[in-house]
Amino acid sequence: MRFIPITLPVVALFSLVTVSCGYSSSSSEFPKLAEEFVYKSLSFSPVFASSQGLHQYGGVMFDTQLDDVGNRALQQQRDFYVDFHKRMEAFDKNALTPEDRADYEIIDSQIGLALFDSDMAQTWQRSPQSYVELVGDALYNPFLLEYAAKDVRFGHIIARMNKVPQFMETARRQLRQAPPEWAKVAVEENEGNVELVDKTLRAEVPAALKADYDAAAGPALDALRGFNRFLTEELPRRAGRGQGGPGGPGGFNADWRLGPEKYAAKFRLALATDRTPDQVLADAEARLKAVRAQMLEISLPLHAKWYADHKDHADLTGDDRENKVVKEVLDHIAQDHSTPASYMGDVKKDLEDARNFAKAKNILTLPAGSNLQVIPTPEFERGIYSVAGFDPAPVFEPQLGGYYWLTPIPSDWPKERVESKLREYNFYNLQLLTLHEAMPGHYVQAEFANAVQPKPRGVLRALFSNTPYVEGWAQYITQTMLDEGYMNSAPELRLTFLKQELRVDANAILDIRMQTNRMTDDQAMELMEKMAFQEHEEAVGKLRRAKLSSAQLPTYFAGWRDWLRVRELVKQSQGGAFSLHDFHDRALKEGGVPLPVLGRLLTGKDLQ
């Protein structure tokens with residue numbers, strides 16, 4: 001039976017999420033409401049809840065469950081968010097303490113994003129990779145996270161595996177149409193699920209559970225392979241057929257673009273910044289030009305040293321000269337790179353170097369323990385994490401540690417493709433990658449987040465961290481490490497970092513222009529390869545990512561710029577008493593709040 005609620009237009013959604021009136025609840029009651037939001041919203045996804053260390057709630061054992069993705073469950077979730085927002089309206093957020101108001105704004109944005117997904121983006125009927133990745137997480141996390149004895153965890157895996165056939169059948173019913181790019185990635189990632197079930201997990205199952213595992217694996221594998229056939233053969237024929245369910249009758253299309261109106265709505269909710277998409281776009285395009293000019297300045301002495309038989313291309317002007325000189329210098333730097341066999345080992349060494357430097361310079365308080373592991377990116381996640389990623393420690397069980405994912409170079413890649421990848425992630429760029437993903441980037445920020453008190457507030461801010469805060473921190477602290485003299489202030493490292501900044505600038509430009517239909521694929525490739533000096537393999541991967549996600553790629557740029565704005569606000573407020581170490585610790589101890597909110601928490605003032 002299908003439910004057909006009224007679909008809210010963008011204007012109505014903003015009204016729902018931002019307007020408050022008729023206050024009746026005491027501000028002292030708000031923390032209990034915030035805690036209720038955390039646990040109730042987690043209960044909608046047993047897979048995510050258990051991965052965060054919440055193994056049961058309301059009498060339900062999450063470890064053995066898959067998410068309910070049927071229409072009735074989706075309708076109930078939507079009803080919860082609408083009703084919860086009405087309950088939020090009973091509070092005057094301006095009368096709350098600053099910390100409670102920060103939590104209020106986080107919940108407000110989460111409700112808006114949930115309703116946006118239900119009523120506008122409608123990913124539940126357009127995104128096959130969301131189902132594929134959920135199955136992968138459901139089976140992989142109990143294998144990876146040692147929250148119980150191995151036989152207990154494999155019992156949970158088997159219980160979930162038994163539910164895979166029904167889950168995939170529900171996914172088939174829900175999907176109406178998908179952008180071809182999304183379906184292609186879903187097929188690739190689902191092959192990773194097949195590999196996970198048929199080889200990785202099968203090789204590790206305890207002997208006493210082998211028969212049960214084999215009995216569950218057969219139907220699960222049939223369902224996964226059948227889903228791939230569905231994606232390649234049947235789903236493309238579904239365009240325009242059927243309607244209904246949460247999100248309303250609306251019609252389906254296979255365009256991955258949100259379009260200007262929907263994109264502006266999601267941008268506002270997802271970034272929670274005080275700037276519009278076009279303001280961020282203008283800033284990113286201006287930064288791209290300024291950074292290129294700075295790269296030329298740094299490149300000229302290196303060019304004279306490495307290409308003494310060349311002229312400095314003074315006969316060229318503007319972009320042409322920048323492209324020629326900087327590209328030749330970057331090409332020389334790129335020659336110093338790992339091999340496919342040494343890739344992982346080199347990153348582990350970089351991690352230790354970064355830890356030692358951050359400690360020696362007292363840049364911030366480092367985590368006392370060492371609960372971070374460097375592992376290959378799970379195959380079912382490699383569609384969007386084509387290079388690397390960070391998976392933080394479970395919020396409810398932080399002692400289990402976090403994981404720095406590094407995507408291996410496939411053994412079947414041709415030599416040219418392998419070389420392109422290794423040149424892009426050369427000796428210097430691998431260093432920067434580790435600063436960003438692990439030390440003192442995402443890993444350190446996540447460890448601080450898991451220590452936020454009181455615990456219910458820490459859980460809220462860790463689970464629903466503002467993405468510009470998280471991604472912006474990783475970019476900002478990488479810059480800070482270089483500003484403090486990392487690797488003896490090598491010009492090669494600074495130039496590579498500026499190339500990375502060009503990537504961040506290009507990420508924002510790509511997402512905003514492509515999602516609003518103001519950039520073609522060819523223009524995107526030209527931006528990345530010619531203006532941002534990216535290797536072809538990197539540019540191809542980023543173009544695909546730009547089509548798989550929305551309002552995520554600009555978070556690096558917007559967050560980075562806003563972290564600098566927050567620091568400047570604090571420096572102005574403290575004057576000569578400002579301490580970089582203390583600023584970092586105080587800012588991280590707030591957890592993942594929106595950056596305009598962070599500025600107010602630290603100074604009582606708005607960002608300038």
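The values are calculated or read from the model by the stated rules, or taken from the named source; none is laboratory data. A quick note: this is a predicted structure, and the numbers were derived from the prediction, not measured. Neighbour counts run over all protein chains shown; Cβ positions are idealised from the backbone, glycine included.
Touching a Ser or Thr at 6+ places or on another chain (Cβ under 6 Å), outside the structural domain of L139 (by TED's automatic domain parsing) and surrounded by fewer than 24 Cβ atoms within 10 Å (Cβ to Cβ), is that true of R382? So R382 fits the description; yes.
Residues in region 532-570 that are without any contact (Cβ under 8 Å) to a residue 60 or more places away in the chain and within 23 Å of N426 (Cβ to Cβ): A539, V540, K542, L543, L553. The helices (runs of 4 or more DSSP H) found entirely in region 401-520 that carry 1 or more residues being in contact with a strand residue (DSSP E or B) (Cβ under 7 Å, 6 or more places away or on another chain) are 427-437, 442-449.
With respect to G53, determine if the residue is at positive phi, touching a Phe, Trp or Tyr at 6+ places or on another chain (Cβ under 8 Å) and modelled with pLDDT of 95 or more.
Criteria met by G53.
Of the residues making up region 94-136, those that are part of a helix (DSSP H, G or I) and among the charged types (D, E, K, R) are E99, D100, R101, D103, E105, D108, D117, D119, E133. Of everything in region 24-45 that's modelled with pLDDT of 95 or more and in a loop (DSSP other than H, G, I, E, B), which residue is surrounded by the fewest Cβ atoms within 10 Å (Cβ to Cβ)? Ranking the qualifying residues of region 24-45, first place goes to F44.
Checked against the criterion of being within 25 Å of E397 (Cα to Cα), outside any helix (DSSP H, G or I) and at pLDDT 95 or above, region 161-174 contains not a single residue that satisfies it.
Only one of E424, E416 is surrounded by fewer than 19 Cβ atoms within 10 Å (Cβ to Cβ) and farther than 26 Å from D100 by Cα; which?
Checking each option against the conditions leaves just E416.
One residue stands out among those in region 570-608 that are among the small types (G, A, S) and outside any helix (DSSP H, G or I): the one that is surrounded by the fewest Cβ atoms within 10 Å (Cβ to Cβ), which is G604.
Counting only residues that are closer than 22 Å to Y140 by Cβ and among the acidic types (D, E), region 36-79 holds 3 of them. Can you say whether Q534 is more than 21 Å from V291 (Cβ to Cβ), in the same structural domain as T496 (by TED's automatic domain parsing) and not aromatic (F, W, Y), as far as the supplied structure shows? The answer is no for Q534. When each of Y428, Y443, Y403, Y385 is tested for being on the phi < 0 side of the Ramachandran plot and at pLDDT below 90, the lone residue that passes is Y385. Scanning region 473-502 for residues that are surrounded by fewer than 22 Cβ atoms within 10 Å (Cβ to Cβ) and among the basic types (K, R) turns up just one, R494. What are the residues in region 459-482 that are in contact with a Ser or Thr (Cβ under 9 Å, 6 or more places away or on another chain) and either closer than 13 Å to L432 by Cα or without any contact (Cβ under 8 Å) to a residue 40 or more places away in the chain (or both), if any? Passing the criteria: only L482.
Does region 569-577 contain any residue that is modelled with pLDDT of 95 or more and either basic (K, R) or under 18 Å from R461 (Cβ atoms) (or both)? Scanning region 569-577 turns up at least one residue that is modelled with pLDDT of 95 or more and either basic (K, R) or under 18 Å from R461 (Cβ atoms) (or both). Close Cβ contacts (under 9 Å, 6 or more residues apart or on different chains) running from residues in region 580-608 that are within 13 Å of R567 (Cβ to Cβ) and in contact (Cβ under 8 Å) with a residue 24 or more places away in the chain to residues that are surrounded by 17 or more Cβ atoms within 10 Å (Cβ to Cβ) and among the acidic types (D, E) comprise L588/E447; L595/D562; L598/D562; L598/E590; G599/D562; L602/E590; L607/D562. Of all the numbered requirements in (1) within 24 Å of the chain's Cα centre (by Cα); (2) free of Cβ contacts under 8 Å to residues at least 24 places away in the same chain, N141 misses one, and that requirement is (2).
Residues are listed down the side, and each one gets a yes or a no for (1) buried (at least 22 other Cβ atoms within 10 Å of the Cβ); (2) over 30 Å from W256 (Cα atoms):
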position: I157; (1), (2): yes, yes
position: N162; (1), (2): no, yes
position: R173; (1), (2): no, no
position: V185; (1), (2): yes, no
position: N193; (1), (2): yes, no
position: D214; (1), (2): no, yes
position: T232; (1), (2): no, no
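The residue that is surrounded by the most Cβ atoms within 10 Å (Cβ to Cβ), counting only those in region 55-71 that are in contact with a helix residue (DSSP H, G or I) (Cβ under 7 Å, 6 or more places away or on another chain) and within 19 Å of P165 (Cβ to Cβ), is L66.
Of V132, V152, all but one fail to be among the hydrophobic types (A, V, I, L, M, F, W, C) and free of Cβ contacts under 8 Å to residues at least 24 places away in the same chain; the exception is V152.
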